[in-house]
Amino acid sequence: MASKLDIPLNGPSVNIVRRCGSALSDVLQSKFGCVATIDGVDFERGPSTVQQRGPPVAPEKRFTVTLRGGVQVSVWKADLTSFSVDAVVNAANDRLQHYGGLAQALSIVGGRQIQKDSDDYIRKHGVLKTGDAIVLEPGFLPCKKIIHAVGPCLPGYPTKSEVSRAEELLVRAIKSILDRVKENRLQSVAIPAISSGLFNYPLQDCANTIVTTVKRYCEGSHSSAYLPKDIFLVNNDEPTVREMERACLQILTNSRTRGDAKTSTLTVQLGNVHLTLKRGKIEEQQTDVIVNTTSSDRNLSIGQISNALLQKAGKGMQEEIRIAPLQPYIITTKPYNLLCKEVYHTCCTEKWKNAAQQTLYTSVSNCLWLAAAAKHKSISFPAIGTGALGFSKKEVAQIMSGAVADFAQKFPEKMEVHFVIFPSDNDTFKAFDEQMGYLQQKASHPGFTHAVDVMMSSQPAFESRDDFRGKRGLPQQISLNGPSDETTREAERWLNGLLLQTFGPVVIRNNFIQHFGEKEHLQLSRLTKAGVSIEESFENGRAGITVMGDSTEDVVVAGLQVEAMLCSIQTEFVTEEENAMLWAVSTKDVSFERKTVDQSSPEFSERLSAFKKHGMLRVLKVEKVENPTLKVLFKLKKNQLHCSTTQKMFQRIPAQFCGMVSHIGFHAEYAPPDEPAYGEGIYFAGTVEKAMGVWKEQKEEYLYFVEAEVLTGNSTPGKPGLILPPAVGTDPLILHDSVSGGPDISVVFSGYQALPTYIITCKIV
């Protein structure tokens, strides 16, 4: 049963999440299967160590423009694995090993042929160079060709000089893609944000480089040169789609998009906020929210804007606003006959009164944050204050635009904001038009945040955005949505252990640390330059990393980056094992299920009886593991060993490996024993009591046991250091099937010698 849990953020934890919120979300998803929604915190822009691809999304076009060369360029939020196009571009590495991110997703959907063709190409031609692109067959993907392009791979948190050096290589990769399109006479191509995500290219720079290169390539080609009809810039995560849309707006449309002359529509992209200036009647708008400016006595018939809304909405709105509770700056009512979801009524003061500018700014800002708190996606403002309140049109344009710009820096979601100017009010429209141009100029500047601060420096000190956010329903918190109460509680416990740490090192125990390669150790060395020290250890068969430093915040942030690296390594490991399984049994995919066993069934009772003898454990849930591919491999192993019987045994594993054992079976990395006295293999215990002795750590609230059928076969006593079973006799090629540590401990050295059958979740009483 799905479970939701809110974890408040305060003190140092806010800054920790601000610095590495994206990586934190990835880790929570990978370790616990929890989707994390982070409210009230503005992330620093930086690469996530792990690229998490979300569920498939319905194709959604966000932007389109036709270049002078006749090529239509469009931005889409869509899943490249199902995008119908002549050629799909894969963000590949130089060896065409499709083990992570987009490459993995395309390889899985396209089938084994994609990796096989890639391996064949590398054997024949050698590794690719950065900037190269090649064309191969797409397998089962809904396209004619797949183009594998190698973009530059940067270190985590690259310097400006590193990004500058990589830019030329990314330009070369995009040109190579378009050259392959030309050579193969393809009509359309879908290009993702190559080198972002796993390859650490800063997203904004990546979008700018890709869009600029596409523009120069298409518009610089000779008229006789072949060009595709369509170039689709396709990504399935919202931040990347927004950056592509922003880059296209700024680079392909001369900063601002001018609509039909009759409607005089102007748009500016400010971060995630799409600001539109338009002529129209406020009462006819169809955004989620319409903003009204009303008198202090709440008489909606006073004032042109208020009266126009009243006439359209009906008298019900007047009756509601009169009895609505008193609130600072904003009163909310239903829309009645208006085409919106809510109406926000603001009450500003005349210009000559004290703090009038502050009141106007705060009113606009509070409307934006209130709409955000209510999950609204669009809001329309009239030009507030240009009538009886006595503000000049230029003042109103500056104050309202400044409030939106400040909001745009802080709000992480997409929002449509409309400034609606009465059709005949040319002077007001001109004032807002000039301010829109100024905003666009500043938004395209690398120091957008600083630019808005400078723009607003002449304004009074307004109400703190953070204070308002707390009052209005956007608290600083992490909301965890997990598949069960156990998973969300496990995630909460782990998260609080990090975020509430006040001193001391962060210690990470995970045997996948042994899989770290050159790339990961380079990332570790870069973390040490950030004021922390990192020590790797391997003791009693257990690998660990200890992060230390003078600043607790720096230590925790570095620890989270290490956790993200481990999640990435584990994802690659699963892919490699899955490919090996597919090859071994010649099947199309590795499917598995974990079905919850009914507590009234004999299956549940049988599992329960095994745990009753251990009085401190209470069985909460039993899940049956069904994995046809693992069953076939287990049967093959059984025949190979000439083993007619199996043993029912137990292994205790951390929560994060329950999914992996169901998917790809047992591996020694999951559950190294406290004392590997019988070899370096995969340990199993004959009873629950013995399992509690083999794996003694009991600090967790929940414990997870895997029941398995184990092929012990011809066994012999084990000893420390064994990496394979000893030979049976003098022939070194004839080995025992397993080793033992007494009657209730068995150690196997092949994961296919054990078949997971049930996962039992317990709680310590």
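The values are calculated or read from the model by the stated rules, or taken from the named source; none is laboratory data. If you're wondering where the values come from, they're calculated on a predicted model, not measured in any experiment. Here Cβ is always computed from backbone atoms with ideal geometry, including for glycine, and neighbour counts include all displayed protein chains.
Taking segment 175-189 as the range and being buried (at least 22 other Cβ atoms within 10 Å of the Cβ) and either in contact with a helix residue (DSSP H, G or I) (Cβ under 6 Å, 6 or more places away or on another chain) or not aliphatic (A, V, I, L, M) (or both) as the test, the residues that pass are LEU178, VAL189. Take the conditions (1) in a strand (DSSP E or B); (2) in contact with a strand residue (DSSP E or B) (Cβ under 7 Å, 6 or more places away or on another chain); GLN514 misses just one of them, which is (1). Those helices (runs of 4 or more DSSP H) of segment 313-415 that lie entirely within it include none in which at least 3 residues are surrounded by fewer than 22 Cβ atoms within 10 Å (Cβ to Cβ), among the basic types (Lys, Arg) and modelled with pLDDT under 85. Filtering ALA166, ALA91 for residues that are crowded, with 23+ Cβ neighbours inside 10 Å and in a helix (DSSP H, G or I) leaves a single hit, ALA166.
So which of VAL214, VAL234, VAL181 ends up being aliphatic (A, V, I, L, M) and outside any helix (DSSP H, G or I)?
Details: VAL214 fails: outside any helix (DSSP H, G or I); VAL181 fails: outside any helix (DSSP H, G or I).
One residue alone meets the criteria, VAL234.
Is it the case, given these coordinates, that GLY46 is modelled with pLDDT of 80 or more, of a type in the set (Gly, Ala, Ser), in a loop (DSSP other than H, G, I, E, B) and surrounded by fewer than 21 Cβ atoms within 10 Å (Cβ to Cβ)? It is false that GLY46 is modelled with pLDDT of 80 or more, of a type in the set (Gly, Ala, Ser), in a loop (DSSP other than H, G, I, E, B) and surrounded by fewer than 21 Cβ atoms within 10 Å (Cβ to Cβ). Would you say SER533 is assigned to a strand (DSSP E or B), in contact with a Ser or Thr (Cβ under 9 Å, 6 or more places away or on another chain) and either without any contact (Cβ under 8 Å) to a residue 12 or more places away in the chain or of a type in the set (S, T, N, Q) (or both)? It is true that SER533 is assigned to a strand (DSSP E or B), in contact with a Ser or Thr (Cβ under 9 Å, 6 or more places away or on another chain) and either without any contact (Cβ under 8 Å) to a residue 12 or more places away in the chain or of a type in the set (S, T, N, Q) (or both).
Given the condition hydrophobic (A, V, I, L, M, F, W, C), closer than 15 Å to ALA610 by Cα and part of a strand (DSSP E or B), answer yes or no: does some residue in segment 742-756 qualify? Show your work before the answer.
Initially, segment 742-756 is screened for residues hydrophobic (A, V, I, L, M, F, W, C), giving 745, 747-749, 754-755.
This time we only want the ones that are closer than 15 Å to ALA610 by Cα, so: none.
For segment 742-756, residues hydrophobic (A, V, I, L, M, F, W, C), closer than 15 Å to ALA610 by Cα and part of a strand (DSSP E or B): absent.
Would you confirm, using the coordinates I've provided, whether SER107 is part of a helix (DSSP H, G or I), in the same structural domain as VAL214 (by TED's automatic domain parsing) and out of contact with any helix residue (DSSP H, G or I) (no Cβ under 7 Å at 6 or more places or on another chain)?
Working: part of a helix (DSSP H, G or I): yes; in the same structural domain as VAL214 (by TED's automatic domain parsing): yes; out of contact with any helix residue (DSSP H, G or I) (no Cβ under 7 Å at 6 or more places or on another chain): no.
No; evaluated as a whole, the condition is false for this residue.
Scanning segment 214-252 for residues that are assigned by TED's automatic domain parsing to the domain that holds ARG68 and among the β-branched types (Val, Ile, Thr) returns VAL214, ILE231, VAL234, THR240, VAL241. The number of residues in segment 71-89 being under 18 Å from ASN184 (Cβ atoms) and either charged (D, E, K, R) or without any contact (Cβ under 8 Å) to a residue 60 or more places away in the chain (or both) comes to 2.
Each row is one residue, and each column tells you yes or no for (1) of a type in the set (Asp, Glu); (2) under 26 Å from LYS430 (Cβ atoms); (3) not assigned by TED's automatic domain parsing to the domain that holds PHE422.
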| residue | (1), (2), (3) |
| --- | --- |
| GLU284 | yes, yes, no |
| ASN299 | no, no, no |
| ALA313 | no, no, no |
| GLY316 | no, no, no |
| ARG322 | no, no, no |
| ILE330 | no, no, no |
| THR346 | no, yes, no |
| LEU368 | no, yes, no |
| SER380 | no, yes, no |
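Restricting attention to segment 477-489, report how many residues are part of a helix (DSSP H, G or I) and within 20 Å of the chain's Cα centre (by Cα). Even if it seems obvious, please write down each step before you answer.
Taking segment 477-489 first, the residues part of a helix (DSSP H, G or I) are 485-489.
Applying the additional criterion that residues be within 20 Å of the chain's Cα centre (by Cα) yields 487-488.
Result for segment 477-489: 2.
Of all residues in segment 625-652, those that are surrounded by 19 or more Cβ atoms within 10 Å (Cβ to Cβ) and within 16 Å of PHE592 (Cβ to Cβ) total 6. Among the residues making up segment 688-720, those that are assigned to a loop (DSSP other than H, G, I, E, B), more than 21 Å from TYR752 (Cα to Cα) and either in contact with a Phe, Trp or Tyr (Cβ under 7 Å, 6 or more places away or on another chain) or not hydrophobic (A, V, I, L, M, F, W, C) (or both) are LYS696, GLU697, GLN698, LYS699, GLU700, GLU701, LYS719, PRO720.
Annotation note: Cβ proximity below 7 Å between a residue of segment 178-202 that is within 17 Å of CYS143 (Cα to Cα) and a residue that is crowded, with 22+ Cβ neighbours inside 10 Å and among the small types (Gly, Ala, Ser) (sequence gap 6+ or interchain) occurs for ARG180/ALA133; VAL181/ALA87; LEU186/ALA87; VAL189/ALA87; PRO192/ALA91.
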